[in-house]
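Trainee: One structure, pasted below without further comment.
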There are 4 protein chains.
Amino acid sequence: MIIVMKPDAAKKDVEHVIKTIRDMKLRPHISRGKERTIIGAIGDERNLANIPLTTFAGVEKVLPILSPYKVVSREFKKENTLIRINGETIGGKRVVIMAGPCSIEGRDMLLSIGKKVKSAGASILRGGAFKPRTSPYSFQGMGKEGLELLKEAKHLLHMPVVTEIMDTRDIDLIADYTDLFQVGARNMQNFSLLKELGSTNKPILLKRGLSATIKELLMSAEYIASKGNEKIILCERGIRTFETETRNTLDLNAIPVIKKLTHLPVIVDPSHGTGRRDIVATMSMAAIAAGADGIIVEVHEHPDKALSDGEQSLTPDEFKQMVKAIGRIAHAIGRTI
Amino acid sequence: MIIVMKPDAAKKDVEHVIKTIRDMKLRPHISRGKERTIIGAIGDERNLANIPLTTFAGVEKVLPILSPYKVVSREFKKENTLIRINGETIGGKRVVIMAGPCSIEGRDMLLSIGKKVKSAGASILRGGAFKPRTSPYSFQGMGKEGLELLKEAKHLLHMPVVTEIMDTRDIDLIADYTDLFQVGARNMQNFSLLKELGSTNKPILLKRGLSATIKELLMSAEYIASKGNEKIILCERGIRTFETETRNTLDLNAIPVIKKLTHLPVIVDPSHGTGRRDIVATMSMAAIAAGADGIIVEVHEHPDKALSDGEQSLTPDEFKQMVKAIGRIAHAIGRTI
Amino acid sequence: MIIVMKPDAAKKDVEHVIKTIRDMKLRPHISRGKERTIIGAIGDERNLANIPLTTFAGVEKVLPILSPYKVVSREFKKENTLIRINGETIGGKRVVIMAGPCSIEGRDMLLSIGKKVKSAGASILRGGAFKPRTSPYSFQGMGKEGLELLKEAKHLLHMPVVTEIMDTRDIDLIADYTDLFQVGARNMQNFSLLKELGSTNKPILLKRGLSATIKELLMSAEYIASKGNEKIILCERGIRTFETETRNTLDLNAIPVIKKLTHLPVIVDPSHGTGRRDIVATMSMAAIAAGADGIIVEVHEHPDKALSDGEQSLTPDEFKQMVKAIGRIAHAIGRTI
Amino acid sequence: MIIVMKPDAAKKDVEHVIKTIRDMKLRPHISRGKERTIIGAIGDERNLANIPLTTFAGVEKVLPILSPYKVVSREFKKENTLIRINGETIGGKRVVIMAGPCSIEGRDMLLSIGKKVKSAGASILRGGAFKPRTSPYSFQGMGKEGLELLKEAKHLLHMPVVTEIMDTRDIDLIADYTDLFQVGARNMQNFSLLKELGSTNKPILLKRGLSATIKELLMSAEYIASKGNEKIILCERGIRTFETETRNTLDLNAIPVIKKLTHLPVIVDPSHGTGRRDIVATMSMAAIAAGADGIIVEVHEHPDKALSDGEQSLTPDEFKQMVKAIGRIAHAIGRTI
């Protein structure tokens, strides 16, 4: 950590900073220029995480040197982490496709979509039972009944399943039904939830928040990992910007950046990332070209009758075409689907 | 709601939209131009909330006419809502000042700050016991022990208290200790939490999310209100933008805009809104000039030793000066403190 | 255009709106609901562009139906526009690669880079002579001397060249030296410049502004096209968001969206779009997968000695590898390079 | 400047950085930690502005210590700069009000509005002759004829006038007619224009770009000042964010922040900043409370007939009320109007 003192900082201000650095078991390193005195704090910066150095008298600014996350960092672990879910591996050479309806709406609907996405190439079935909806007047999901249907689909179709968890109270319940907990964008900084999930041993699909920086996404992963569960799959799903042609701005730059910063796998959700079914397939192809380890997409047989997110759901036929296109891109970069 | 058809929409596409509008008990109104056919849906648009009209064949775009929130809207209730908390009234002529430490760090510390902010003019004491922190390695709050101290302070100082709730499991616990539940920015769309709080009868301080639009803030208020609890105080606390000189961009435009859209009171948090103690007082004055019903600020006797948010905490002396300055602004616009 | 009246709009307010619509040669269409009266204006909305309808008494909001641009819209012209530059075609099956140094720094440097990018697969040479720099103390470009070198390179290497125009006074000068005018992001809404360029007959490379919506980019293209010059290539080069890991957020969603809205070709600038040479190649591949008609990238033999933008310049070797990778992606989607 | 080396940087990488620092006449200062070697460059960082240190082998990141602007910085000059325009002073105790129509539409209209805003308290008359409009089909201003009218109004009303300059070619022309050049948001980084204006000796009103950081605004001011013209008034006029209730997000935090960073005066434009006439007065009051040295607002006698920006123009009566309200706020903070 670098502490830059103000031009008019008093000698005792400098000494107070130095003493604090020593108290926290770091080594101070002082460099006096004509305009500024600069103090380096050598050692584990995380010791200083709780010290509000910017409020110290005479301090102008504080520049961190090390990343605030550790366990999830690429520096901590060089090789890619592979996440295994019932025989599927995420983070390896093979690109993984997760697909299914936004919301589970009934037995026939779920089984029918599940069968179709599987035969088209999906290896994990998604489906929401508890739904975060902006409006209290929108469909909120089938709840436990939806989970039962998901479990049945899992067994009938021999596919691992993923569903969203929104409430710490539901962890045990949902754990019984899902192979992969999904943490939605709105809960990326629901720290109570992250801590509890860190104490389970099921894999977690952690979505980036609407206005979360990549660093914050990694800090949220660190919350989970610091409790012992390192089976985390990150997911880019669009950030909020001023542009209104798309529901969100899918940030594909995040893929290569995240890959450099962490050893965890990262997938892309082009359905929420764009909010437009007419560009979902194109952006999936771009995501794979950008190095994503997989995608998660919404599929519905009748998007115009979907109880949620119909505007961004593909039909099974569109999905099938998309998987083929993705396959060609994967092949072009030396991966498989 | 207005449905704009594509230039090449088929006759049956138009008829399908019309039928759907009728099925949902609204009245269709068709207008055929040279370039587009446009269909109005007259009646309660909320009936259409679950219909993904944009995915219908032949539909180009859908333009909502009415706001998606109802109970909290100014149209629904013309007069300002007044929230009463142990003798204090929020939303009236008097500007309300909430102050206290970011985190409760101990008994002496809390009582000492509480006494000072009260004598300077604060009428509600704030203090965090459960803290949402970006890093798992940062101080996470004193938890239940902190709540006990808060209760003691409340009785000794005769001040209502406010503290943050982050987890549905803590509602009963915190309800025993607080007069006002605070929902933090990161939980503004924690819908499980909002629903549960809507079933209590304690007032709620609902903070705007980092990237929440004003409409989304009102939708979250609607979540609470639709469950029966209309005692909601909204709080502007800064949004995320590209500017880095301030931690967030305190959006004071939101104050007059919110006042027009809803009957609920709205306060401002300049501490989180700016992240800089050197401009907190100035922005508090601006907030009152913009029509805020109050402010909530962080105060610490030794900001450089604060366990959280020291960089944005005022000293008791700075707070005292600020209250005086706010008083002059309030007076200038015909209000009191 | 749809005009939504306030619930309490007076009869004369409604009549005033209707009269204005008729005065502007559009046809009004009234629909009276229980909560609102809604007036449609049928005909060419552009007639109403100068009427501030939102300020009319009794008007709540105004919703445009048609796009505000015309000549550049896909609706106006269905087939893709092909731009021909000295034998090169942009917007066809072949993906076009433009490459070269950020700034022209000297004769040997320009020729050497030019030769290398050409042999690696670039077909258009870029090089800045007039440079927009954030700081007045940074290198501002070689000016006319740089243009002379660019012309020499063009003839020696048989490559069309592109360079930036920043000032209306330089149009004639630069027209003598370049095959393609580049309008930089900071000048996307320099309307004086756009109008003048619209009166030339040279192709224009129009970059999206840092905070320009896609609609605004198309409006700026319309400025040029409305003066008679329809040879416009659009360029996505990153938008400004809250994320700081990348210099800008390259918005690849814009590619398929722009392709739907306009018949003009669109290319991507991953150098400025990301500001990081370590992810330029990856994002170029993603850009092609997203449907871009080409890319423009910065190449420098010694990025650490570049007088501008070294941090985002590829070495000739890195560029060569990138072109191969792009070729594989292009092939996978049925295009060539 | 601080250069952080990668954990695996070679000895020769470190030496190359050190040599470069010395070559640029700064003094290197090395600090070797367990995880990183960190090199300080002591001296005038601006010497390093053209060196792309981030591209050097072994370099992880580069952290600037000093601000990149100099002449306009508060560090360079402690006292507030006062700008004098025909007897008016900007930046002193008195808050200055600039008002007038968005566009000059005719003689009577300009004189009538001018008379009214003057009698209500405005001391500088604004009026656009060359208008930057998003659409080429919108009214583009009266041009030279408008300037003539502005000059006449200036003499008849004894008020200094301000009008926008958009093109380097118009500088001499406009200089003959205006007392204060306005540089609009879209031209904040039109560096050709800034340089030319820096060579005049007329005051400049420099508006913040839609997505410009405060630092970039100050760099643009530095462009002007570095050419010799230090008579610069900065203007906050709203930034682009995700919020759509307001046309832009007026960023009042910028006022106290700018005041700390520079000695130049700063005013606020609530008309463009909000785009909504119903909140212009409120935000003007907040701007003064935040410490602005003045405001610039649009006034029109018939906003619903304005040829531009009617939706954000006040009527003369509304303006008069606003000036009174501003006066009360100014008085409350020890200033006058």
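Trainee: Looking only at region C:139-156, filter to residues that are surrounded by fewer than 18 Cβ atoms within 10 Å (Cβ to Cβ) and touching a residue at least 40 places away in the same chain (Cβ under 8 Å); which one of those is nearest to D:Leu217 (Cα to Cα)?
Mentor: Step by step, filter region C:139-156, then rank; the result is C:Phe139.
Trainee: Working only within region A:308-337, note down all residues that are assigned to a loop (DSSP other than H, G, I, E, B), within 14 Å of chain B (Cβ to nearest Cβ) and within 25 Å of the chain's Cα centre (by Cα).
Mentor: A:Ser308, A:Asp309, A:Ser313
Trainee: Checking D:Val96 against (1) free of Cβ contacts under 8 Å to residues at least 60 places away in the same chain; (2) closer than 24 Å to D:Ala175 by Cβ: exactly one of these is not met. Which one?
Mentor: Evaluating D:Val96 over (1) free of Cβ contacts under 8 Å to residues at least 60 places away in the same chain; (2) closer than 24 Å to D:Ala175 by Cβ leaves (1) as the failure.
Trainee: Out of curiosity, is C:Ala225 crowded, with 22+ Cβ neighbours inside 10 Å, at pLDDT 95 or above and over 29 Å from A:Thr249 (Cβ atoms)?
Mentor: Taking the combined requirement at face value, the residue does not satisfy it.
Trainee: Could I ask something else about it? Please find, within region A:131-170, the residue that is farthest from the other protein chains (Cβ to nearest Cβ) out of those that are among the hydrophobic types (A, V, I, L, M, F, W, C) and outside any helix (DSSP H, G or I).
Mentor: Here is the first cut: in region A:131-170, the residues among the hydrophobic types (A, V, I, L, M, F, W, C) are A:139, A:142, A:147, A:149-150, A:153, A:156-157, A:159, A:161-162, A:165-166.
Of the ones still in play, those that are also outside any helix (DSSP H, G or I) are A:139, A:142, A:159, A:161-162, A:165-166.
Working: A:Phe139: 5, A:Met142: 14, A:Met159: 26, A:Val161: 21, A:Val162: 19, A:Ile165: 10, A:Met166: 5 Å.
Ranking the candidates gives A:Met159 first.
Trainee: Next question, about the same structure. If I filter region A:180-202 down to residues being surrounded by fewer than 19 Cβ atoms within 10 Å (Cβ to Cβ) and not polar (S, T, N, Q), which single residue comes out as nearest to the other protein chains (Cβ to nearest Cβ)?
Mentor: A:Lys195
Trainee: Out of region B:101-126, which residues are buried (at least 19 other Cβ atoms within 10 Å of the Cβ) and either of a type in the set (S, T, N, Q) or at positive phi (or both)?
Mentor: Selection gives B:Ser103, B:Ser123.
Trainee: More than 30 Å from B:His16 (Cα to Cα), touching a residue at least 12 places away in the same chain (Cβ under 8 Å) and buried (at least 16 other Cβ atoms within 10 Å of the Cβ), is that true of B:Ile65?
Mentor: For B:Ile65, the condition - more than 30 Å from B:His16 (Cα to Cα), touching a residue at least 12 places away in the same chain (Cβ under 8 Å) and buried (at least 16 other Cβ atoms within 10 Å of the Cβ) - is not met.
Trainee: Okay, next question. Surrounded by fewer than 24 Cβ atoms within 10 Å (Cβ to Cβ), without any contact (Cβ under 8 Å) to a residue 60 or more places away in the chain, touching a helix residue (DSSP H, G or I) at 6+ places or on another chain (Cβ under 6 Å) and hydrophobic (A, V, I, L, M, F, W, C) - does that describe any residue in region A:286-298?
Mentor: Within region A:286-298, not a single residue is surrounded by fewer than 24 Cβ atoms within 10 Å (Cβ to Cβ), without any contact (Cβ under 8 Å) to a residue 60 or more places away in the chain, touching a helix residue (DSSP H, G or I) at 6+ places or on another chain (Cβ under 6 Å) and hydrophobic (A, V, I, L, M, F, W, C).
Trainee: Which residue, of A:Leu205, A:Leu250, A:Leu210, A:Leu261, is closer than 29 Å to C:Leu217 by Cβ, more than 10 Å from chain B (Cβ to nearest Cβ) and hydrophobic (A, V, I, L, M, F, W, C)?
Mentor: After ruling out the rest, the residue left standing is A:Leu250.
Trainee: Starting from region A:303-326, keep only residues that are at positive phi and in the same structural domain as A:Ser284 (by TED's automatic domain parsing), then list their pairs with residues that are surrounded by 23 or more Cβ atoms within 10 Å (Cβ to Cβ) and charged (D, E, K, R) whose Cβ atoms are within a distance under 9 Å, requiring at least 6 positions of separation or different chains.
Mentor: From residues that are at positive phi and in the same structural domain as A:Ser284 (by TED's automatic domain parsing), the pairs are A:Asp309/A:Glu298.
Every residue, every condition in (1) farther than 22 Å from A:Ser103 by Cβ; (2) more than 10 Å from chain C (Cβ to nearest Cβ); (3) out of contact with any His (no Cβ under 7 Å at 6 or more places or on another chain), yes or no:
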{"site": "A:Ile267", "(1), (2), (3)": "no, yes, yes"}
{"site": "A:Pro270", "(1), (2), (3)": "no, no, yes"}
{"site": "A:Gly273", "(1), (2), (3)": "no, no, yes"}
{"site": "A:Thr282", "(1), (2), (3)": "yes, no, yes"}
{"site": "A:Ile295", "(1), (2), (3)": "no, yes, yes"}
{"site": "A:His300", "(1), (2), (3)": "no, yes, yes"}
{"site": "A:Pro303", "(1), (2), (3)": "no, yes, yes"}
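Trainee: Can you find, within region D:33-56, the residue that is nearest to the other protein chains (Cβ to nearest Cβ) among those that are assigned to a loop (DSSP other than H, G, I, E, B) and closer than 19 Å to C:Glu245 by Cα?
Mentor: In this case the residue turns out to be D:Pro52.
Trainee: With the condition kept exactly as written, say whether any residue in region B:92-100 is exposed (fewer than 15 other Cβ atoms within 10 Å of the Cβ) and farther than 28 Å from B:Lys260 by Cβ.
Mentor: In the first step, residues of region B:92-100 are kept if they are exposed (fewer than 15 other Cβ atoms within 10 Å of the Cβ); the result is B:93.
If we keep only those that are farther than 28 Å from B:Lys260 by Cβ as well, we get none.
Among the residues of region B:92-100, not one is exposed (fewer than 15 other Cβ atoms within 10 Å of the Cβ) and farther than 28 Å from B:Lys260 by Cβ, which makes the answer no.
Trainee: Would you mind stating whether D:Thr20 is part of a helix (DSSP H, G or I), in contact with a helix residue (DSSP H, G or I) (Cβ under 7 Å, 6 or more places away or on another chain), under 25 Å from C:Ser103 (Cα atoms) and not acidic (Asp, Glu)?
Mentor: no
Trainee: Follow-up question, since we're still on this one. What strands (runs of 3 or more DSSP E) lie completely within region B:58-119 and have 1 or more residues being within 17 Å of the chain's Cα centre (by Cα)?
Mentor: B:83-85, B:88-90, B:96-100
Trainee: B:Leu193 - would you say it is closer than 23 Å to B:Ile124 by Cα and assigned by TED's automatic domain parsing to the domain that holds B:Ala99?
Mentor: Judged against the criteria, B:Leu193 is not a match.
Trainee: Next question. Just checking, does region B:177-187 include any residue being of a type in the set (Val, Ile, Thr), within 27 Å of C:Phe242 (Cβ to Cβ) and out of contact with any helix residue (DSSP H, G or I) (no Cβ under 7 Å at 6 or more places or on another chain)?
Mentor: Step one: of region B:177-187, the residues of a type in the set (Val, Ile, Thr) are B:178, B:183.
Of the ones still in play, those that are also within 27 Å of C:Phe242 (Cβ to Cβ) are B:183.
In the following step, the residues that additionally are out of contact with any helix residue (DSSP H, G or I) (no Cβ under 7 Å at 6 or more places or on another chain) were identified as none.
The answer is no; no qualifying residue exists.
Trainee: Conditions: (1) in a loop (DSSP other than H, G, I, E, B); (2) surrounded by 17 or more Cβ atoms within 10 Å (Cβ to Cβ); (3) touching a helix residue (DSSP H, G or I) at 6+ places or on another chain (Cβ under 6 Å). D:Pro28 meets all but one. Number of the miss?
Mentor: Exception for D:Pro28: condition (1).
Trainee: Moving on. Which ones in region A:31-49 are surrounded by fewer than 17 Cβ atoms within 10 Å (Cβ to Cβ) and closer than 30 Å to D:Arg74 by Cβ?
Mentor: Listed by number, the residues that qualify are A:Arg32, A:Lys34, A:Glu35.
Here is a yes/no grid of residues against (1) small (Gly, Ala, Ser); (2) in the same structural domain as B:Gly294 (by TED's automatic domain parsing); (3) within 23 Å of D:Ile239 (Cβ to Cβ):
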residue: B:Gln182; (1), (2), (3): no, yes, no
residue: B:Gly198; (1), (2), (3): yes, yes, no
residue: B:Ser211; (1), (2), (3): yes, yes, yes
residue: B:Gly228; (1), (2), (3): yes, yes, no
residue: B:Cys235; (1), (2), (3): no, yes, yes
residue: B:Gly238; (1), (2), (3): yes, yes, yes
residue: B:Glu243; (1), (2), (3): no, yes, yes
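Trainee: Within region B:203-223, identify whether any single residue is more than 9 Å from the chain's Cα centre (by Cα), among the basic types (Lys, Arg) and assigned to a loop (DSSP other than H, G, I, E, B), and answer yes or no.
Mentor: Checking region B:203-223: not a single residue is more than 9 Å from the chain's Cα centre (by Cα), among the basic types (Lys, Arg) and assigned to a loop (DSSP other than H, G, I, E, B).
The values are calculated or read from the model by the stated rules, or taken from the named source; none is laboratory data. Since we're looking at a predicted model, the values are computed, not measured. Here the Cβ is made from the backbone with ideal geometry for all residues, glycine too, and neighbour counts use every protein chain on show.
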